[in-house]
1. Restricting things to Cα coordinates, could you compute the convex hull volume per residue of segment A:3-440 in Å³?
2. Determine the dipole magnitude for the protein assembly as shown: charges of +1 sit on the beta-carbon of Lys and Arg, -1 on that of Asp and Glu, nothing else is charged, the reference point is the Cα centre, and the result goes in debye to the nearest 20.
3. At 1.306 mPa s and 10 °C, plugging the Kirkwood radius over alpha-carbon pairs of segment A:146-206 into Stokes-Einstein gives what diffusion coefficient in µm²/s?
4. I'd like the FRET efficiency for residue A:111 and residue A:38, computed as 1/(1 + (r/R0)^6) with the beta carbon distance as r and R0 of 30 Å, rounded to 0.05.
5. What is the distance in Å between the Cα centroid of segment A:266-293 and that of segment A:339-367?
6. Which value in nm describes the separation of the simple spin-label points at residue B:105 and residue B:22, placed 7 Å from the Cα toward the beta carbon?
7. Given the rule -39500 (n - 2.57) for each run of at least 4 DSSP H residues, summed and divided by the residues of chain A, what is its mean residue ellipticity at 222 nm, to the nearest 500 deg cm²/dmol?
8. Need the full-extension length gain, residue A:63 to residue A:194, defined as separation in residues times 0.36 nm minus the C-alpha distance. One decimal, nm.
Amino acid sequence: MSSKSCCGPGYASPADAMKAPREKLLYTIAIYTGTGIQKPDYLVTIDADPSSPTYSQVISRLEMPGIGDELHHMGWNACSSCHGNPTMERKYLIVPGVRSSNLHIVDCATDPCAPRLHTVIQGAEIKAKTNLSAPHTVHCLGSDIIISMLGDAQGRAPGGYLHLDKDFKIVGRWENSMGNIKFSYDFWYQPRHNVMVSSEWAAPNTFMPGFDLEEVGHLKYGRELHLWDFQKKTPKQSFYLGEDGLLPLEVRFHHNPDSSHGFVGAALSANIIHWWKDDDGEWKWEKIIDVDNQRHPDWPIPVPGVISVILLSMDDRFLYLCNWLHGDIRQYDITNPHRPRLTGQVWMGGLLGRAPFVNGCKIAGGPQMIQLSLDGKRLYVTTSLFSTWDNQFYPEIRTTGGVMLMVDCNTDTGGMSINPDFIVDFGKEPNGPSRCHETRYPGGDCTSDIWT
Amino acid sequence: MTTTRTITLANRGGATYNVGHRKPLLESLMAQGVDLPYGCRYGGCITCAAKLLEGKVNQAAQVALNNRQLKDGYVILCVARPLTDCTLAVGVESHDKLYRNPFIDPLQPHELKADIATPQEV
């Protein structure tokens, strides 16, 4: 299909996406759930235009209707998968509440500087119609919207996939079978290989109250990766990652739709797992990055990195990861995906005391969610993971709030440095310290779009 | 047997509320204007946890607390029903023992959640 004939949302190719204008607005989730402040979680709009007088500031806030949602991840109603469809528009951000299971549909197009609530799909309706709860990852494909749901209506694993139509009506369960899958979390698909890959966190009833490390040994947390027959909507193969793959979380395929290579960050093992379809047509996996646990001088148990997120640049050249407990972000050149090369590293917060202050701001938490500009040069970072887990590892975040920083990334030779001029301090929010989480750009970003 | 219970909120100036014994405490207290945190509303997520200082509740429906948190008196208000008059500390001010860093302070086998805990050796 020629890109010239297309006038739908997104871009004809990852290469075209990289040439898009610089992002000027950021949409970021901010939460009060678990903080003691009895206010709704909200979506902030941040000015990311360096020539603007309000650069690096929150310029609008959209409160959700109720309290206690725990907004977490979010996704668009349409992406580059509908680039060929002129009737589609990247207009609505779907903003789920993990704890409430409410899906907030936010209109970001009518006034991009001040998103407004379009409608809410109530968690009670989702539970009644699909027996699913705890929404996580939102992906669109064509006019369909698919959301991974981590539990059944009672918060038990393995959950499943909620299917919405383009008008946000509940179609039902997307999958035809969960097979022997024990847990759900993130997913990504690569339609030209008829494959979807899904990862495993835990049952909502296990992870929502907080992280009991001891439960990992009782198999309450995931350690497998699943390949699906995407058209048949059924799992076809599982990789048992074992001790190398404890808590496999964020799943990223190469953006190149012809590639079979993908990566997952195993949070607790602090490893990066790489998978691909080999020349013999078999899917293979290997561990390509292993972050060593670090000793804290006063603690009996060594501290794992806890890789809470990974992300690939739009040209599939760099992989970024965050060690939320250690406090570092790393950049690897994965030109050869079997042999990654560490090319950059910066520190902010963390439990090891390496960077307690950045840009004059006390950092509570560690580098957590990241979003990279389409051209690969600016990485936006936030510090909160999940309210109960924040409260365990970084209790001071209750009074300090979260923070967003920007990292300048060198795309020629590799390398990273924290930008000294950009900081959004969520400790200074009007209703008190809040915590910031996932970020998206109005025009699509490095984790939102899939090419078919 | 009377069907109402008196609930005292120790950290809200000792305010008292009469509530039904069949309804979850979160629902009863919020209906009377008490501003309380909550999340899942089915006993799975501890956002609404409170500390029971006196009295007894039935919270058989909760699946969020481990045995150490239970021993420290935590109750899940969205599913807990009062069996007797109760005194509670509510909100995050009562969460001093609810959260722990597992790398500093591991659980003993008998302190895990009920479904995987091993009996305590005596």
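FYI, it's all coordinate maths here, none of it is from the lab. Since this is a predicted model, take the numbers as computed values, not measurements. Positions of Cβ are generated from backbone atoms using ideal geometry, with glycine treated the same way; all protein chains shown enter the neighbour counts.
1. Expressed per residue, the convex hull around the Cα atoms of segment A:3-440 is 137 Å³.
2. Here the size comes out at about 1120 debye.
3. Reported coefficient: 130 µm²/s.
4. After rounding, the FRET efficiency stands at 0.60.
5. Cα centroid of segment A:266-293 versus Cα centroid of segment A:339-367: 25 Å apart.
6. Output for this residue pair reads 4.0 nm.
7. -1500 deg cm²/dmol
8. 43.3 nm
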